[in-house]
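I have placed the structure first, in the form of structure tokens, so that the comments after it can refer back to it.
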Amino acid sequence: MNPLHSLDETMTAGVRLFVADDLLAVAVVPSGDGAPVIVSPTGEIDSVSAPALRSALLSVLLPPCTGVILNLDGVTFLNSAGVTVLAEAHHQAQVAGISFGVRGGSRAVLRVLRITGLWDLLADPRDR
């Protein structure tokens, strides 16, 4: 069974939801007036749920999008699979000329990002 279930058709006001079993839900909130798209995962990001985050991020890292903010406030766990998705999203954003930044995060999530060096690379300047 594929752990990724896209519930796009059930969302309103253009918000899309990507779900990985009961581990992770990722809301994608469209932008207006040149504001960045907000991607907000809630739950655990591991090898089972990381594909849902990857799908959500790659779905927005395309022109005409000019910026994406990944809000990690709702993430309770992040392992190497999630770190890989973040690094891939950063690379895809660079290739497409799209700004990509990370905001928020629990102490456990921020620790992983700081240890790997991704925090220095991806952190929204307002959160540093």
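We did not get these values from a lab; they are worked out from the coordinates using the rules stated. Keep in mind that what you see is a predicted model, and the values were worked out from it rather than measured. Backbone-built Cβ (ideal geometry, glycine too); neighbour counts: all protein chains shown.
See the values below:
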| quantity | calculated |
| --- | --- |
| Rounded to 5, percent antiparallel among DSSP beta bridges of region 4-127 | 50 percent |
| Nonlocal amide H pairs with Asn79, under 5 Å, H built at 1.01 Å | Ile45 |
| Cut-off under 5 Å, modelled amide H: who pairs with Asp21 long-range | His5 |
| Proximal charge balance of Val48 [Cβ under 15 Å; K/R count +1, D/E count -1] | -3 |
